[in-house]
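K.L.:
After the structure tokens below, expect a handful of questions from me.
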Amino acid sequence: MELLFKMNLNNAVERVLHVPGNYSGGILEMTLVTDCALPLDYVRNTAADVAACLRSHSEVFRNVRLNLLYWKSNSDMENRVIPISFLQTSGCFEDYVVTGEEKSLDALTAKLKLFHARSKLILVLADEALLVRDKDEVQKNMKPFLGKKSLFLCRNDLEMKWRRGTELGMV
């Protein structure tokens with residue numbers, strides 16, 4: 001990861017955590033969503049870089065309850081609870097399988113709203129093109145909290161960039 005991207009990621013995470021009513025101390029609960037359409041090496045390296053960046057930035061990330069969500073398809077999403085240090089060692093990706101199924105942001109946001117709304121920070125590793133079938137449904141799922149807690153780390157062929165959930169043009 002580039003230094004500028006790391007600084008921007010840290011600043012974006014700080015903005016998410018300091019949203020009024022979001023994080024008030026104690027053990028942080030966060031969710032990392034990995035799109036299983038991404039190559040394994042990219043996911044391993046990016047997750048390790050993100051974990052290292054966050055852990056070196058703040059004491060809050062030394063002890064985190066991390067939900068790792070494999071986004072395999074619209075109907076198949078597997079959740080695991082792991083220590084954040086496992087992202088750096090890549091031990092949590094041993095049974096990662098690349099799937100080419102078409103997925104929509106509608107199903108992901110519904111799952112996050114239902115099962116991961118308690119997380120104070122949601123990071124999504126995904127491709128640049130996120131399919132939206134029903135914009136109104138995505139907006140409904142992202143409000144009132146998910147849009148403020150979510151950071152989308154989108155990959156295209158040239159670079160990786162992040163966007164807040166509220167900046168996706170949907171909320």
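K.L.:
Out of (1) at pLDDT below 90; (2) in a loop (DSSP other than H, G, I, E, B); (3) open to solvent by less than 60 Å² (accessible area, probe 1.4 Å), what's the single condition that is false for Cys154?
P.N.:
Exception for Cys154: condition (2).
K.L.:
Tell me the residue from Phe61, Phe93 that is in contact with a strand residue (DSSP E or B) (Cβ under 9 Å, 6 or more places away or on another chain) and over 20 Å from Ala12 (Cβ atoms), please.
P.N.:
Phe93
K.L.:
OK, next. Among the residues of segment 36-52, write down those that are within 11 Å of Val98 (Cα to Cα) and either touching a Ser or Thr at 6+ places or on another chain (Cβ under 6 Å) or open to solvent by 10 Å² or more (accessible area, probe 1.4 Å) (or both).
P.N.:
Cys36, Ala37, Pro39, Leu40, Asp41, Val43
K.L.:
Which residue is nearest to His18 (Cα to Cα), if the candidates are limited to segment 59-75 and must be open to solvent by 20 Å² or more (accessible area, probe 1.4 Å) and in contact (Cβ under 8 Å) with a residue 24 or more places away in the chain?
P.N.:
Only one residue fits best here, namely Val60.
K.L.:
Same structure again: Scan segment 88-109 and report the pairs whose first residue is under 13 Å from Ser75 (Cα atoms) and free of Cβ contacts under 8 Å to residues at least 60 places away in the same chain and whose second residue is charged (D, E, K, R) and open to solvent by 20 Å² or more (accessible area, probe 1.4 Å), with Cβ atoms within less than 7 Å and a gap of 6+ or a chain change.
P.N.:
What qualifies is Ser104/Arg133; Asp106/Arg133; Asp106/Asp134; Asp106/Glu137.
The values are calculated or read from the model by the stated rules, or taken from the named source; none is laboratory data. It should be emphasised that the depicted structure is a prediction, and the values quoted were computed from it without experimental measurement. We place every Cβ from the backbone using ideal geometry, glycine too, and count neighbours over all the protein chains shown. Surface areas here come from the heavy atoms of the whole protein model, side chains and all, with no ligands, DNA or RNA. Shrake-Rupley method; radii C 1.70, N 1.55, O 1.52, S 1.80 Å.
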